Amino acid sequence: MSNSNQINGLRAATAFSLGEDIISVDAFGSGHINDTYRVTTKNTIGKSFLLQRINHHIFQNVEGLMLNIKHVTDHLKTKIAHLPVEIQESKVLTIIPTKSNDLYFLDEDGNYWRMFILIDGTKSYDVVETTTQASEGGKAFGDFQLKLADLDATKIVEVLPNFHNIQFRLDNLKRAIAADSQGRVKEVTEILDFIFTREERMKTILNLASKGELPLRITHNDTKFNNVLLDQNDQAQCVIDLDTVMPGYVAYDFGDAIRTIINPVEEDEKDLAKIVLNIPLYAAYAEGYLNEAKEFLTDVEVESLLEGVFLLPYMQAVRFLTDYLEGDHYFKTKYDDHNLVRTKTQLKLVEEMEKQEEELKTAISNVLQD
């Protein structure tokens, strides 16, 4: 960490109600959105804290964001209130307020800071390696949704409007095609055909919701596997990174998790032949998830899960392609057609899923029959 960042982090840390002297503030983790630091204090119980500078360019409603997290974490803790406090703190994020009892600190440079208790003794994985890990990931997110099922979704602010709204994403793509600001549309006509021939199916979740057949839930909306902390035995411990918690539909969370679990390669793999579905990991995640979530899911929600599996890689491809056509201004790229490569990878994943749709469907039905 640079000296200036260290000074800024230390200055921000002193604004929070720690009740102890700070020993050090050190860079921590590998997140791409917020800057994160570990704060070590003089104490006798070995507790450390997690300090984050919130990226307010992405999350512009910081107050709404932090109120969301408070609503959610407070509610989750009511579900485990019978457990000792130290166990609660290992299973649900705990916000540390500022000395003025605010949820965040705004420094003189216009930066927003927040602090949590650091959950030590845990680990996370960027890539799922075993069916046990996949099952525990499913269990964690299923339990997360279950415990929040009775929290009024209207209390939660939509901090990123239209985040998983495929109609919004397709409309953006169509505008990018019409503008063709980079002259790239002629390169991608086959890809556009692939996308638009599947457009109606990909609106299934939105259509069900518009008819009132899908209940609005509180969902995580960023269910990649490294947002689950596991203990040293690979047992689910805590769901983290609650910035994107918003009202949504359960299929979005299920589909996004599967998108990252079922594909054995990176999302910018150029060799499309390497994209082979890992059905055992998919089935393990589905089992872990449904064993927790089936208690509250409606029949239509269960049926929608498979639609989410197809929708999320499709939607990610639409976003990558839109950015490519507009000149690569949103996603960071390493070479000229990086976003095009990403698009092709996601659509190849959709294509492979279509070939094995019956197996994907069977894995869900098998859990429900147990």
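The values are calculated or read from the model by the stated rules, or taken from the named source; none is laboratory data. Quantities reported herein were computed from a predicted structural model and do not represent experimental measurements. Methodologically, a virtual Cβ is constructed for each residue, glycine included, from the backbone with ideal geometry; neighbour enumeration extends over all protein chains shown. Heavy atoms of the whole protein, side chains included, go into the accessibility calculation; ligands, DNA and RNA do not. Shrake-Rupley method; radii C 1.70, N 1.55, O 1.52, S 1.80 Å.
Observations on the model:
- Simple rule: put +1 on each Lys or Arg Cβ and -1 on each Asp or Glu Cβ in region 217-364, find the dipole, and look at Val302, Thr333, Leu230; the Cα lying farthest toward the positive end is Thr333.
- On Cα atoms only, tilt of 62-79 relative to the major axis of the chain in degrees: 80
- Accessible surface, the chain, averaged per residue in Å² (probe 1.4 Å): 46
- Computed over the alpha carbons of region 199-347, Rg followed by Dmax gives 16.3, 48 Å.
- Residue-averaged 222 nm ellipticity for the chain, from DSSP H runs of 4+ at -39500 (n - 2.57), nearest 500: -15000 deg cm²/dmol
- The chain, accessible surface, carbon-and-sulfur percent (1.4 angstrom probe): 48
- Approximate spin-label separation Ile191-Thr78, in nm, with each point projected 7 Å along Cα-to-Cβ: 4.7
- Of the two radii for region 104-218, the radius of gyration is 1.07 times the Kirkwood radius, both from the alpha carbons; that is the Rg over Rh value.
- Relative contact order (percent, whole number), the chain, Cα cutoff 8 Å, 6+ residue spacing: 17
- The H on the amide N of Thr41, modeled in the peptide plane, is under 5 Å from the matching H of Ile23, each at least 5 residues off or on a different chain.
- Model label points for Gln356 and Ile279, set 7 angstrom from Cα along the Cα-to-Cβ axis, are 0.7 nm apart.
- Over all other residues within a Cβ to Cβ distance under 15 Å of Gly121, the charged ones net out to -1, with Lys and Arg as +1 and Asp and Glu as -1.
- Rounded to the nearest 10 degrees, the inclination of helix 131-148 to the longest alpha-carbon principal axis of the chain is 70 degrees.
- Springs between Cα atoms under 10 Å define the GNM used for the chain, and in it the highest mean-square fluctuation of Ala273, Ala27, Ala284 occurs at Ala273.
- In sequence order, calculated HN-Hα J values of region 150-155 (Karplus, 6.51, -1.76, 1.60; Hz; x Gly/Pro): 9, 8, 4, 5, 6, 6
- Whole-Hz Karplus values for region 310-321 come out as 6, 5, 5, x, 4, 5, 5, 4, 4, 5, 4, 5 Hz, taken residue by residue from phi with 6.51 cos²θ - 1.76 cosθ + 1.60 and θ = phi - 60°; glycine and proline positions read x.
- Helix 357-369 axis, angle to the chain major axis (alpha carbon atoms, nearest 10°): 50
- Student exercise, the chain dipole from Lys, Arg, Asp, Glu Cβ charges, in Debye to nearest 20: 600
- Residue-by-residue Karplus 3J(HN,Hα) for region 214-229, coefficients 6.51, -1.76, 1.60, Hz, glycine and proline x: 10, x, 6, 10, 8, 10, 7, 6, 8, 8, 5, 5, 6, 9, 10, 8
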